[in-house]
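Student: Handing you this structure, nothing more for now.
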Amino acid sequence: MKNKIYLDRNEKTYKGNLHLHTTWSDGSLPAAEVVEAFKKKGYHFICLSDHEVYTRTDEFNNAEFITIPGMERGGLNPVADKDPGYHFGVIDDPTEEPVQARFEHLQTFPTPIPWEGDHSPQVLIDEMRSHGNLVIFNHPEWHLTRFDDMVEYDRFFATEIYNHATEWSTVSSYGAAYWDHALQNGKRVFGIAADDSHEHNPNWKIPEYGGGWVQVQANALTHRDIVSNLKQGYFYSSTGPEIYDLRVEDGQLTIECSPCKFIMFKAFPLRGPFVGNCDNGKPLTLASMPIEEDMQYIRVECIDFDGNVAWSNPVFVADLLEGDEH
């Protein structure tokens, strides 16, 4: 079995949010004020993902902060009060040449999108990909997405596993069950935590922004570096805890994190161990588990004493066995 480093404690990471809104759609603040709000919270990058409005805002970029071009596309819903809707995060991918022209700043799109059968979401995903974008399956729990849709539809690179606005408003934020369903059925998708923020008022008792984010390991804070490492899964998602290191050495998966109450290894089809502080009450910062060759994937959740969670991306065991003589 190969050794592999997924997150390296010695490498730089950048904090970002890939889902939020401004007055270009249904947000409360203009883009410049939203940018400043996230800068004050220590973010390094965001995507101004307005509904059906593509954004390219290089004017906000500098050595310490960048915006990733993109939007939120969706509204596919055959019968609004009965069937699931679909929203997709769309982010510009500079690492590949598009089949069709890239979208321009403030290019707008029709909504609602006509429903033409169950293939319609895939048509939309394929269209976004052809214009040089990565696609994220947004807030599946809030939409009551059908679990099989996570398997039927293809070419999205990630799904939202935490959406702060839907937790804040309707307590329907966690999408990890959808993620696991996709993974257990052979999909290679990553997990994203995001805000989906519309209001950006720091004076609220529980602000609607700054509650879920991704932490990307990258060589530099550039559009290309961030997106390239998102595509490869070199990031983790969080609502609080930090993951410092994640690696496989000598058949063991080991994680280092900020002080937590629990560390849970989610493995399939063999269940991973649950590590808690029940014996001595001391915070956990390190845990490991042996990898079995018949496991399909392993991911890790770190839960702190306030119930906040950090999620690693999946370790796909087949990748560790490629070329292995055994």
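Student: On the given criteria, is GLU249 crowded, with 17+ Cβ neighbours inside 10 Å, within 26 Å of LEU320 (Cα to Cα), touching a residue at least 60 places away in the same chain (Cβ under 8 Å) and out of contact with any helix residue (DSSP H, G or I) (no Cβ under 8 Å at 6 or more places or on another chain)?
Tutor: Values: crowded, with 17+ Cβ neighbours inside 10 Å: no; within 26 Å of LEU320 (Cα to Cα): yes; touching a residue at least 60 places away in the same chain (Cβ under 8 Å): yes; out of contact with any helix residue (DSSP H, G or I) (no Cβ under 8 Å at 6 or more places or on another chain): yes.
Answer is no for this residue.
Student: I'm checking my understanding of the structure. Among residues of the range 313-326 that are farther than 13 Å from ASP180 by Cα and in a loop (DSSP other than H, G, I, E, B), which one is modelled with the lowest pLDDT?
Tutor: HIS326
Student: Check the range 142-149 and report whether any residue there is among the β-branched types (Val, Ile, Thr), in contact with a Pro (Cβ under 6 Å, 6 or more places away or on another chain) and farther than 24 Å from PHE38 by Cβ.
Tutor: In the first step, residues of the range 142-149 are kept if they are among the β-branched types (Val, Ile, Thr); the result is 145.
Imposing the further condition that a residue be in contact with a Pro (Cβ under 6 Å, 6 or more places away or on another chain) reduces the set to 145.
Now drop any that are not farther than 24 Å from PHE38 by Cβ, which leaves 145.
Within the range 142-149 (the criterion being among the β-branched types (Val, Ile, Thr), in contact with a Pro (Cβ under 6 Å, 6 or more places away or on another chain) and farther than 24 Å from PHE38 by Cβ), the answer is yes, since at least one residue qualifies.
Student: Can you tell me which residue within the range 87-126, out of those that are over 19 Å from the mean Cα position of the chain (by Cα) and among the hydroxyl-bearing types (Ser, Thr, Tyr), is farthest from ASP149 (Cα to Cα)?
Tutor: If we take residues in the range 87-126 being over 19 Å from the mean Cα position of the chain (by Cα) and among the hydroxyl-bearing types (Ser, Thr, Tyr), then THR108 is farthest from ASP149 (Cα to Cα).
Student: Counting residues that are within 18 Å of GLU72 (Cβ to Cβ), which helices (runs of 4 or more DSSP H) fully inside the range 147-251 reach at least 3? Spell out the reasoning first.
Tutor: Values: elements: 149-152, 164-170, 176-184, 223-232.
Filter on the range 147-251 gives 164-170.
Student: Now, a different point. Can you tell me how many residues in the range 129-150 are surrounded by fewer than 22 Cβ atoms within 10 Å (Cβ to Cβ) and modelled with pLDDT of 95 or more?
Tutor: 4
Student: Would you check which residues across the range 118-160 are in contact with a Gly (Cβ under 9 Å, 6 or more places away or on another chain), touching a residue at least 40 places away in the same chain (Cβ under 8 Å) and of a type in the set (D, E, K, R) and list them?
Tutor: If the condition is that a residue be in contact with a Gly (Cβ under 9 Å, 6 or more places away or on another chain), touching a residue at least 40 places away in the same chain (Cβ under 8 Å) and of a type in the set (D, E, K, R), then GLU160 is the only one that fits.
Student: Here's a follow-up. Filter the range 2-18 down to the residues that are of a type in the set (A, V, I, L, M, F, W, C) and assigned to a strand (DSSP E or B), then identify the one that is surrounded by the fewest Cβ atoms within 10 Å (Cβ to Cβ). I'd like the intermediate steps shown before the answer.
Tutor: Taking the range 2-18 first, the residues of a type in the set (A, V, I, L, M, F, W, C) are 5, 7, 18.
Retained after the next criterion (residues that are assigned to a strand (DSSP E or B)): 5, 7.
Details: ILE5: 15, LEU7: 22.
Among those that are of a type in the set (A, V, I, L, M, F, W, C) and assigned to a strand (DSSP E or B), it is ILE5.
Student: Restrict the check to the range 284-292 and report whether at least one residue is at pLDDT 95 or above, assigned to a loop (DSSP other than H, G, I, E, B) and not hydrophobic (A, V, I, L, M, F, W, C).
Tutor: no
Student: Among the listed residues ILE243, ILE226, which satisfies the condition of being under 26 Å from GLN184 (Cβ atoms) and under 17 Å from the mean Cα position of the chain (by Cα)?
Tutor: Working: ILE226 fails: under 26 Å from GLN184 (Cβ atoms).
It is ILE243.
Student: Looking only at the range 1-38, which residues are acidic (Asp, Glu) and under 23 Å from the mean Cα position of the chain (by Cα)? Reasoning before the result, please.
Tutor: Looking only at the range 1-38, we keep the residues that are acidic (Asp, Glu), and these are 8, 11, 26, 33, 36.
Hits for the range 1-38 are ASP8, GLU11, ASP26, GLU36.
Student: Inspect the range 44-54 for any residue being on the phi < 0 side of the Ramachandran plot and surrounded by fewer than 17 Cβ atoms within 10 Å (Cβ to Cβ) and give the result as yes or no. Please lay out each step first, then the result.
Tutor: Here is the first cut: in the range 44-54, the residues on the phi < 0 side of the Ramachandran plot are 44-51, 53-54.
Those left that are additionally surrounded by fewer than 17 Cβ atoms within 10 Å (Cβ to Cβ): none.
No, because not a single residue in the range 44-54 is on the phi < 0 side of the Ramachandran plot and surrounded by fewer than 17 Cβ atoms within 10 Å (Cβ to Cβ).
Student: A follow-up question, please. Checking GLU72 against (1) among the acidic types (Asp, Glu); (2) within 16 Å of the chain's Cα centre (by Cα); (3) in a loop (DSSP other than H, G, I, E, B), which test does it fail?
Tutor: For GLU72, the failing item is (3).
Student: Can you tell me which condition ASN280 does not meet? The list is (1) at pLDDT below 95; (2) within 29 Å of ILE46 (Cβ to Cβ); (3) not aromatic (Phe, Trp, Tyr), and all the others hold.
Tutor: (2)
Student: Being modelled with pLDDT of 95 or more and not assigned by TED's automatic domain parsing to the domain that holds GLY16 is the requirement here; does VAL309 meet it?
Tutor: Numbers: modelled with pLDDT of 95 or more: yes; not assigned by TED's automatic domain parsing to the domain that holds GLY16: yes.
Judged against the criteria, VAL309 is a match.
The values are calculated or read from the model by the stated rules, or taken from the named source; none is laboratory data. Nothing here was measured: the structure is a model prediction, and the numbers come from that model. In this analysis, Cβ positions are derived from the backbone assuming ideal geometry, glycine residues included, and neighbour counts consider all displayed protein chains.
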